[in-house]
Each structure stands twice: as C-alpha cells, then as structure tokens.
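The values are calculated or read from the model by the stated rules, or taken from the named source; none is laboratory data. A quick note: this is a predicted structure, and the numbers were derived from the prediction, not measured. Neighbour counts are summed over all protein chains in view; Cβ atoms, including those assigned to glycine, are modelled from backbone coordinates with ideal geometry. Accessible surface is based on the protein model in full, side chains and every heavy atom, while ligands, DNA and RNA are left aside. Shrake-Rupley method; radii C 1.70, N 1.55, O 1.52, S 1.80 Å.
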Amino acid sequence: GAGVSQSPSNKVTEKGKDVELRCDPISGHTALYWYRQSLGQGLEFLIYFQGNSAPDKSGLPSDRFSAERTGGSVSTLTIQRTQQEDSAVYLCASSRIEGSGYTFGSGTRLTVV
Amino acid sequence: GIQVEQSPPDLILQEGANSTLRCNFSDSVNNLQWFHQNPWGQLINLFYIPSGTKQNGRLSATTVATERYSLLYISSSQTTDSGVYFCAGGRGSTLGRLYFGRGTQLTVWP
C-alpha cells in the first residue's frame, strides 16, 4: 500500500485480557519497527525487524510482550494479560535500506480498563 | 543508550515568524531524523539528515555530526506548523533503532 497501515485504530480492553495489534508496512520496506507513546511522552522503542535477521527485542518491557513478522511483511504485536500501564499509542514504522528515513503508521490507541 | 536533548521544550510564535529548534546527542549517531507530530497524532518524517544541510520548502535542517547536534529551521511559520517536533538518532547507517528526544511543542497563532 501507499502507507503504513495499522489496525485497529482504537482498542479498549479489560485488564488481564490479551490483545493483538497489526501492522502492514509499505511494500518493499525491509525494516519494521514498533514504538509506543504514552500520553505527553516521547517514543519508546519496542522491537525492530530487518529482513531475515533475528529481531532486536531489546525494548520489550516484559515477557508479556511479543511480536512476529510473517513473510517479511505484516507484523503482529501481542500483549498478554494486559495491565493499565500498557495503555498507550502503539506506533509501527517501516523503512528501506536506502537513506530515506522512517514512515510511521497512524498508530493503535490501546486503553486498558 | 543515546541521550537526546531537545530545546526549547515549548515555543509559541505568531504566524510569519521564524524559529530554530535544536537537538543534542550524547553520542555519535549515523542515522538522524526529524519528525513532526500533528495535533491528530500522525508522525511525519521531515528529514533524514545524518550530516550536512537539507531544505524542503520553508523547512531546512543542518546536522553537525562531529559536534553531535542538529538544527531545524522553520521560516515564515504557519498555523499548520503547530504540533510536536521530534528529533531522533541511531547508531545504524540507515536502519535500526532510533532514540527519540522528548520533543518541542510548537504553537503558531494566527
């Protein structure tokens, strides 16, 4: 597609439930990133995928968070047993190998009640 | 990690004014980008600028890699320039994790 697509745009879930967030990157972009942004804060790195290399998971805050990228394209971020502190906007971005920078999606606003 | 300091944290301008935003890095970065987050939350990439100077319309950016800082210039500001400006840098060439600053909140009044 023309841009990075994220779904759902909004998600309200009960504490303790699992959620899945989806990201469809720009076609041809080999790198995919997940960040999250809490209210009024900067962006916190979560995970980075590049081609067939092992992902950089160093930003995942706990073992309740996991992500996968299938076929080098679509990625799913899964949060198990959600907590209220998981409430944030989850942002996905993709980029090419050449120096063109990140393109961000519109994000998924997650609210844990 | 890399610490990123942005200044000023807040900036209020009247339409037509010029401004300069600054970003300092605690370590050398090879992958430096500027973003604008509009009031609806969408992040737009403004510049990929690991070194040198680039211009795009009323916006321009300069990175002095040896001194670990970058500047974003906004000329003849418009109300649509309002939002948060983030700089970010990483150690990778083009790819890889970026470390973000806390942003500069810009408000442009008509």
_Set of lysines near residue B:54 by C-alpha distance (under 26 Å), chain-local residues within fewer than 8 positions excluded_ = none
*Compare each residue of the stretch A:47-81 in its chain alone against the assembly with all protein chains, and report those whose accessible area goes down by 30 Å² or more; 1.4 Å probe, heavy atoms.*
A:48
*For residue A:14, what charge total do you get from the other residues with a beta carbon under 13 Å from its beta carbon, if Lys and Arg give +1 and Asp and Glu give -1?*
+2
*Let me know the whole percent of all Cα-Cα pairs from the stretch A:18-99 that are separated by more than 19 Å.*
34
*Hey, in the GNM for chain B with a 10 angstrom Cα cutoff, which one of B:38, B:24, B:56 fluctuates hardest?*
B:56
*asked:* Using each residue's phi in the stretch A:19-34, evaluate 6.51 cos²θ - 1.76 cosθ + 1.60 at θ = phi - 60° and report the 3J(HN,Hα) Karplus result to the nearest Hz, with x for Gly and Pro.
replied: 10, 10, 10, 10, 9, 10, x, 5, 4, x, 7, 8, 9, 9, 10, 10
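Taking all protein chains in place and a 1.4 Å probe, what share, in percent, of the accessible surface of chain B do carbon and sulfur account for?
With neighbouring chains kept in place, the figure for chain B is 48 percent.
Give the calculated FRET efficiency between residue B:12 and residue A:14 to the nearest 0.05, with a Förster radius of 41 Å applied to their Cβ-Cβ distance.
Given R0 = 41 Å and the Cβ-Cβ separation, E is 0.50.
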*Residue with peak Gaussian network fluctuation, chain A [Cα springs, cutoff 10 Å], from A:103, A:13, A:70*: A:70
*How large is the convex hull of the Cα atoms of the protein assembly as shown per residue, expressed in Å³ as a whole number?*
120
_Please report the spacing between the Cα centers of the stretch A:6-20 and the stretch B:28-56 in Å, no decimals._
30
*Using a cut-off of under 15 Å, list every residue of the stretch A:8-42 whose amide N is near the label point 7 Å from the Cα of residue A:70 along the Cα-to-beta-carbon line.*
A:20-25
_Top of B:16, B:89, B:57 by mean-square fluctuation, Gaussian network on chain B, Cα under 10 Å_ = B:57
*Report, in debye and to the nearest 20, how large the dipole of chain B comes out about its Cα centre when Lys and Arg carry +1 and Asp and Glu carry -1 on their Cβ.*
260
*Long-range HN-HN contacts of residue B:78 with modeled amide H, under 5 Å*: B:16
*Which trypsin sites (Lys or Arg not before Pro) does the stretch A:15-63 hold that lie in a coil by DSSP with at most 14 other beta carbons within 10 Å?*
A:15, A:17, A:57
*Quick one: go through the stretch A:42-79 and flag any residue whose amide nitrogen is under 19 Å from the point 7 Å out along the Cα-to-Cβ line of residue A:7.*
A:68-79
_Keeping every protein chain present and rolling a 1.4 Å probe, give me the accessible area per residue for the stretch B:4-109 in Å²._
46
*asked:* Going Cα to Cα from residue A:17, which aspartates and glutamates come in below 16 Å? Please leave out same-chain ones fewer than 8 positions away.
replied: A:63, A:85, A:86
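About its Cα centre, how strong a charge dipole does chain A have in debye, to the nearest 20, once Lys and Arg get +1 and Asp and Glu get -1 at the Cβ?
140
Rounded, prolate or oblate: which fits the stretch B:4-109 when a ≥ b ≥ c are the square roots of the eigenvalues of the alpha-carbon gyration tensor, with rounded for a/c under 1.5 and prolate only if a/b beats b/c?
The shape class here is prolate.
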